[in-house]
Each structure stands twice: as structure tokens, then as C-alpha cells.
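Everything on this sheet refers to the single structure shown next.
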Amino acid sequence: MSRQMHARRLEGIDKNIWVEFTQLAADYQAVNLGQGFPDFAPPKFLQEAFCKAVSGGGLMHQYTRAFGHPSLVTILAQLFGRLVGHEIQPLEDVLVTIGAYQALFCTFQALVDEGDEVIIIEPFFDCYQPMVKMAGGKQVYVPLRPRGGSNLSSGDWVLCAEELASKFTAKTKAIVINTPNNPTGKVYKTEELQVIADLCIKHDVVCISDEVYEWLTYDGAKHVKIASLAGMWERTVTIGSAGKTFSATGLKVGWAIGPSHLIKHLKTVHQNSVYHCPTAAQVAVAEGFQTEYDRLGHPESYFQQLPTLFTHKRNKLAACLESAGLRPTLPEGGYFMIADISSVSFDSDDSISQDEPLDYRFVKWLIKKKGLAAIPVSAFYSPEHGKEVQNYVRFCFTKEDSTLNAAEDILKKWASEK
């Protein structure tokens, strides 16, 4: 056909880092530390809850309440109301979605208008940028930058308060933050969040807070919800994920929580796109949260046990990367670890374009020549700031020990060849 068939809002967002590198890892049968998912089973109590829900009768296989199954929105309101210090109305302040992805999509579509500016703190999960664009907004980027020194912790990646403040204008509608951060693992401290909160209040801006890794913090780092700060509940939409919470990313159950005067607009987008989410999965997640709510803060809590398990895996991968000459940044939270590759050399062949950023070339070489998959960190930055971080790559450490052992063997062999 001669006429243009695609909508112009899709132009420039067709390429996807996950599609490209997941396929490359599959083609070369690489050990996959690129994608962010655990390759082990979720907790037994969640598996049992899902089996119980699926076999729970005919209604478990039919439509449920469009904005979230009653038992799930009830326990989400109960749990997160306790954490935020604000009474949350389950039927008004909570929207259940098809994963955190759809929660983000509904948020941007509902709250961002043509010409609105949205401040995105870099590095950012890659869907923020195209979602803002599809909503008609303009992205404004402010990067986290590593402080001088050895840079051994994700806490050393910081915002410049003056630079952030300079980006707020009369057109600023929202700011997007991600804590714990993907890919750095940074967990924002209360004082850092307060800087953001003060600017949001001053300029009457909405905060979109992506907190899917909220239960995964290490070495005493504490996750703080920005919605819990004074004056922020009424202007914050908090995004969460059952997949990340219970190590079950295939469940695709997420949510958005916030004041009803914001959430009602997300519901309008939801009801005109997805309409509702799978019933049995919501029932299973509700039971999983009820189990954890009853033992919150106790040693037997999965939310207590999982960070301990992941700390061991994080430390194991960090040691492996160091042995190969890479310099890992130890994450305070999340699934991921970034590593500085500037001290290692590699010979990329003609199949790898020399016009690509250094981290892209390194990751492709690592997959093709060594059989180990990672993700380039510059993919989480805007073009204007990506060059500043092209000597970093991202690895996922929330894997079976057998997977990490296979990665360790590859790294040790590479080190011995130098």
C-alpha cells in the first residue's frame, strides 16, 4: 500500500533492547545473565495458592472485578497502607494490572498530555521513554552520576540537586523514579527522596515511583516509599509487581496505588484497553500477600529470606567479575549488578559494527565469543548521556547456582586466556 499505515507516535520506538539481545543470547545458546528473571521456582506457598485457585471452581476461570479482584486489592491496601502510613481505600486507590508494565502504560496514558514534560531520572527502565512519547509528552533527562573514588557501591551513583531543580518548568507534569534502581541497584535514601518531593510539591508535579524491587535490599539499605513523605501521597502513583515480589515474573500481576483522584484516570485507560486481569493469578497473589502479611518482619517471611539468598548470589557474581578484570558496582537492591569494562580488552570481529557504543560491542562479543549474555548499560540512558556510561554492562545475579557456576567457569576461562 502506498499510504502510511503506522501511527507517527510509533516512529523511533520500534527497536527494543530485550528483543535484540534475548534473541542473540538464544542464537548462541549463551548463559543468560542478561534478562532479569529468576530461573528457579517461586515459593511453595505461592505455587500451592495458584494450584488451589485454578482448581477452585468455575468462577476462577471467569471475569472478575475489572480494576482488581476484591481479595487482592484488599490485601494490597492493607499491606501498603501500613508501609506508607496512610489509609488506602482498596476499591478507590488501587488498580491491578497485567504486570507493572501495564501499570506504567496506564499511568502515562492517563496523566501525560500532548506537550507535557516528564522528567526521567537516568538510568531508567527502557519502557519509560517510548511510553512518554506515545502519550504525546516530552522526555527531560537527568542522570545519576558516579561520585569520584573507587565506586564500589550503587549508593555512589547520585543526583545533582541543582541539575534536577533546573529541569522543572511550567510544562513539567511528572517525574519518574525507580528505586531500587534498574540497572544500578541504587536504593534512594530518605534525604534524596526529600529533594525530589520538595520539587514536586513546589511545582505541583506528579511523581511516578516504580518500586518493583522494593523487597530486595541488601547490607542494611532500607527501601523508603516516596509516597510516605509529607505532602506526597496525594501526588504519587506507586508501581508494584507480584512477579518481582514472589520470583514469578510469568504471573504478570502488577498494580498502581495512589490517591483516587489520580487512580480513577488510570482506570479509564485500563477499562478501555485490557479491561481486567486473569482471575486465578490475582487470587493466588492475594493469598501469597496474606501469608506474608501475617509473618511480616519474622524470620520465616519470604520477604526476609529472599534478600539473604540474593546477597549470597550477588557476592558470588561480584567475585567472578573481579577475577576476570571487570570492576563491579555492588548493588544495594534489585536483581542487577553493573560492571566497568574499561580495564579489559577484547577483539570484536567484522560481524560487530564499530559504530556502536563500546558496551554494545562488548556485550555482543561476550555472547558470540564467550557464550555469556549481559546487557549494555547505555541502553538505559538517553542518547545525550549514553556516552558517559558506555564502559558499563549489566548482569543479573538472581539465578540458580548452576547458572552462576556456568558463568563463573566462562569468566575464569577468559581470565586464564589473558
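The values are calculated or read from the model by the stated rules, or taken from the named source; none is laboratory data. Only a predicted model underlies this, so the values are computations on that prediction, with no experimental measurement involved. Every residue, glycine among them, receives a Cβ derived from its backbone with ideal geometry; neighbour counts consider all protein chains shown. All accessible areas refer to the heavy atoms of the entire protein, side chains included, with ligands and DNA or RNA removed. Shrake-Rupley method; radii C 1.70, N 1.55, O 1.52, S 1.80 Å.
Going by Cα centres, the range 14-56 and the range 99-160 are how many Å apart?
If you average the Cα positions of each part, the centres end up 24 Å apart.
Please list, ordered by chain and number, the residues whose modelled amide H lies under 5 Å from the amide H of V206; skip anything fewer than 5 residues away on the same chain.
HN-HN under 5 Å from V206: A174, I175.
Once you order the gyration tensor axes a ≥ b ≥ c over the Cα atoms, which shape class does the range 359-402 get: rounded for a/c under 1.5, otherwise prolate or oblate by comparing a/b with b/c? Mind showing how you got there, number by number?
Details: a/c = 3.73, a/b = 1.66, b/c = 2.24.
Since a/c reaches 1.5 but b/c is at least a/b, the shape of the range 359-402 is classed as oblate.
Over the chain, what percent of the accessible surface lies on carbon and sulfur atoms, probe 1.4 Å? Show your work: numbers first, answer last.
Values: 9010 of 17640 Å².
Within the chain, the accessible surface is 51 percent carbon and sulfur.
Given points 7 Å out from each Cα along the Cα-Cβ axis, report the Y63 to L10 separation in nanometres with one decimal.
That separation, rounded to one decimal, is 2.8 nm.
First measure r as the distance between the Cβ atoms of F346 and A26, then evaluate 1/(1 + (r/R0)^6) with R0 = 22 Å and state the FRET efficiency to the nearest 0.05. Before the final figure, lay out the partial values.
Working: r = 22 Å, r/R0 = 0.99.
Computed FRET efficiency for F346 and A26: 0.50.
If the cut-off is a Cα-Cα distance under 26 Å, which lysines reach K173, setting aside same-chain residues fewer than 8 apart in sequence?
K133, K138, K186, K189, K202, K225, K264, K267
If you count only protein heavy atoms with a 1.4 Å probe, what accessible area per residue comes out for the chain, rounded to a whole Å²? Before the final figure, lay out the partial values.
Details: 17640 Å² over 418 residues.
About 42 Å² of surface per residue is accessible.
Putting +1 on Lys and Arg Cβ atoms and -1 on Asp and Glu Cβ atoms, find which of V19, H270, L199 reaches farthest to the positive end of the dipole of the chain.
Selected residue: H270.
Please count, across the range 277-418, the pairs of lysine residues with Cα atoms under 14 Å apart that sit 8 or more places apart or on different chains. Walk me through the numbers on the way to the answer.
Details: K313/K399; K316/K399; K316/K412; K369/K413; K370/K412; K370/K413; K370/K418.
The result is 7.
List, in order, the whole-Hz ³J(HN,Hα) value for each residue of the range 160-167 obtained from phi through the Karplus relation with A = 6.51, B = -1.76, C = 1.60 and θ = phi - 60°; use x for Gly and Pro.
8, 4, 5, 5, 4, 4, 5, 8
Give me the three principal axis extents of the range 240-360 from the C-alpha atoms, as integers in angstrom, largest value leading.
53, 41, 27
How large is ³J(HN,Hα) for each residue in the range 139-146, as worked out from phi by the Karplus curve 6.51 cos²θ - 1.76 cosθ + 1.60 (θ = phi - 60°), to whole Hz, x for Gly and Pro?
7, 10, 9, 10, x, 6, 10, x
Let me know the whole percent of all Cα-Cα pairs from the range 1-80 that are separated by more than 23 Å.
Values: 1917 of 3160 pairs.
Tail of P(r) above 23 Å: 61 percent of Cα pairs.
Give me the number: length gained by fully extending C51 to N272, i.e. 0.36 nm times residue separation minus the C-alpha to C-alpha distance, one decimal in nm.
Working: separation 221, 0.36 × 221 = 79.56 nm, distance 3.01 nm.
Using 0.36 nm per residue and subtracting the Cα-Cα distance, I get 76.5 nm.
Hey, in the GNM for the chain with a 10 angstrom Cα cutoff, which one of H270, H69, H203 fluctuates hardest?
Of H270, H69, H203, the Gaussian network model singles out H203 as fluctuating most.
Give the range of the longest stretch in the chain that excludes all GluC sites (Glu not before Pro) found in loop regions by DSSP and having at most 11 other beta-carbon atoms within 10 Å.
Numbers: sites that count: E11, E87, E114, E300.
The longest such stretch corresponds to 115-299.
Calculated FRET efficiency, Q89 and S323, Cβ-Cβ r, R0 51 Å, to nearest 0.05? It would help to have the intermediate numbers written out before the result.
Values: r = 52 Å, r/R0 = 1.03.
With R0 = 51 Å, the Cβ-Cβ based efficiency is 0.45.
Put +1 on the Cβ of every Lys and Arg and -1 on every Asp and Glu Cβ in the range 92-175; which of V96, V132, P143 then has its Cα farthest towards the positive end of the dipole?
Most positive-ward Cα: P143.
Based on Cβ point charges of +1 for Lys and Arg and -1 for Asp and Glu, what charge dipole magnitude is obtained for the range 201-325 about its Cα centre, in debye rounded to the nearest 20? Don't jump to the answer; show the numbers that get you there.
Values: 12 positive and 11 negative charges, 46 e Å.
Here the size comes out at about 220 debye.
Pull up the DSSP beta bridges for the chain and report the antiparallel fraction as a percent, rounded to 5. Display every interim value, and only then the final one.
Details: 21 of 43 bridges.
Antiparallel bridges make up about 50 percent of those DSSP assigns within the chain.
Within 10 Å of each candidate Cβ there may be at most 15 other Cβ atoms; applying that plus a DSSP loop requirement, which trypsin sites (Lys or Arg not before Pro) in the range 66-161 survive?
On the way: sites: R82, K133, K138, R147; in loops: R147.
Answer by residue number: R147.
Multiply the residue separation of K412 and V195 by 0.36 nm, subtract the distance between their alpha-carbon atoms, and state the gained length in nm to one decimal.
Details: separation 217, 0.36 × 217 = 78.12 nm, distance 4.33 nm.
This chain segment gains 73.8 nm when fully extended.
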